[in-house]
Amino acid sequence: MRPPSWLLASLAAQIAFVPALAQEQKITSANPNGGRPEIHNVKEMREAGGYSAPGARAYADMAAEAGGQLWPVTLYYRCQALRERRPLKAPAPKPIEVFDKVYSIGTAENNIWAIDTKDGIILLDTLTTEADAKNVIVANMRALGLDPRRIRIILITHNHLDHFGGAAYLKALSGARIGMSREDWEGDPKWGKLPVKAGEDFFLTDGQQVTLGDRTLTVLMTPGHTPGTISLLFPVTDKGMPHMASLFGGQGSPRDVASLLEFRRSLNHFADYTDLMQADVVLSNHTVGDDGLTRVTALANRKAGDPNPYVVGREGVVRYDAEWRMCLSADIDEAVSKAAPGTMLPTRPPAKP
Ligand SMILES: [Zn+2]
């Protein structure tokens, strides 16, 4: 059950968007993040924070303790900077094999993942336009020796244009089936026109397993960024060593309290699965979502015997999940604490989505 609409409208109107104070980071090989600020610890969080409610500040402190060392880019983005869009100055990373037959082929902003199987390729998201699909996705696949006509399944994480815009072109090129949640496929994309759902296309549902060849991906419904955002878990190998990858399908925090609460419930659902499946890898569809520009640069410079920078271990995944929940909690607390007297949330907790 959702809180009443009059309450949510009142809370949404009162969320304060405080400008960020953190210093812009220098772009170096150690910090290739295109000028994105980072937060590494509680002190930096308090300087850059902008949270004024005591509860929100406590949550933000805990987020910094959880994620500051391993996830400084995501920490700034989630707890602070999401309302401040600095233009990204990083060049697009070169396409690269991140895990055995799992390839990163996106832009500096949006990552696209191609997963090769013995029966064809699974593609995760499609960028914004047909030109992006041609000039980035197809070009990068060819550069890596992957034939784009072998794409068999295109999974779209959510109905924002930068994720589905190239889908119709890629489907026409390859004959791939498109999978997307019903909530997002039948919802209002706000920007752009969703691909028309054909007979062979399919809806993604919670707990569903999508298999192609020797690969199986587990789908989770994780609404909040959009009503039908999906997330994924799937096994990968690094030079033959097995790992479990997790990929949360939506990034930016919503502005209204109901969606923030839904997002936090979705992160708990996601964390159930990252625990149950012992995920030790974090991937994202945005480079801001996995400190991706740092990691892909480290991977490109990897020497024989070095660890894969995308393998963060169980501690890295637990800290990532915790940081994110704490940042959303800070946003929730800040908004609720500023609500007018008499408009507090009902004591009954909202039902599961
Ligand atoms: Zn989005």
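Results, tabulated for the structure shown:
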{"quantity": "The chain: most fluctuating residue of Leu276, Leu233, Leu247 per GNM, C-alpha cutoff 10 Å", "calculated": "Leu276"}
{"quantity": "As computed over the stretch 96-278, the Cα convex hull volume per residue (Å³)", "calculated": "109 Å³"}
{"quantity": "Ranked list, fewest to most other Cβ atoms within 10 Å of each Cβ, for Met277, Met221, Met62", "calculated": "Met277, Met62, Met221"}
{"quantity": "Summed side-chain charge close to Ser337 - residues other than Ser337 whose Cβ falls under 12 Å, Lys, Arg +1, Asp, Glu -1", "calculated": "-1"}
{"quantity": "Student exercise, the stretch 96-278 dipole from Lys, Arg, Asp, Glu Cβ charges, in Debye to nearest 20", "calculated": "360 debye"}
{"quantity": "Packing rank of 234-243, 291-300, 69-78, where each peptide gets the mean count of other beta carbons within 10 Å, highest leading", "calculated": "69-78, 291-300, 234-243"}
{"quantity": "For the stretch 175-224, the spread of Cα positions along each principal axis, largest first, Å", "calculated": "36, 29, 15"}
{"quantity": "Cross-link partners of Lys197 among aspartates and glutamates (Cα-Cα below 16 Å; sequence separation of 8 or more within a chain)", "calculated": "Asp125, Glu183, Asp184, Glu186, Asp188"}
{"quantity": "Using alpha-carbon coordinates, inclination of helix 313-337 to the longest axis of the chain, degrees", "calculated": "40 degrees"}
{"quantity": "Range of Cα positions in the stretch 173-280 per principal axis (Å), largest first", "calculated": "42, 38, 20"}
{"quantity": "Range of Cα positions in the chain per principal axis (Å), largest first", "calculated": "60, 46, 37"}
{"quantity": "Square roots of 5 times each gyration tensor eigenvalue, C-alpha, the stretch 91-181, largest first, Å", "calculated": "17, 16, 12"}
{"quantity": "Asp238-Lys43 FRET efficiency (beta carbon distance; Förster radius 30 Å; 0.05 resolution)", "calculated": "0.30"}
{"quantity": "Helical contribution to [θ] at 222 nm, DSSP H n ≥ 4, -39,500 (n - 2.57), averaged over the chain, rounded to 500", "calculated": "-9500 deg cm²/dmol"}
{"quantity": "Cα gyration tensor shape of the stretch 282-322, rounded if a/c is under 1.5, else prolate or oblate by comparing a/b with b/c", "calculated": "oblate"}
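Just so you know, all these numbers are worked out from the coordinates, no wet-lab data involved. Quantities reported herein were computed from a predicted structural model and do not represent experimental measurements. Positions of Cβ are backbone-derived with ideal geometry, glycine not excepted, and every protein chain shown enters the neighbour counts.
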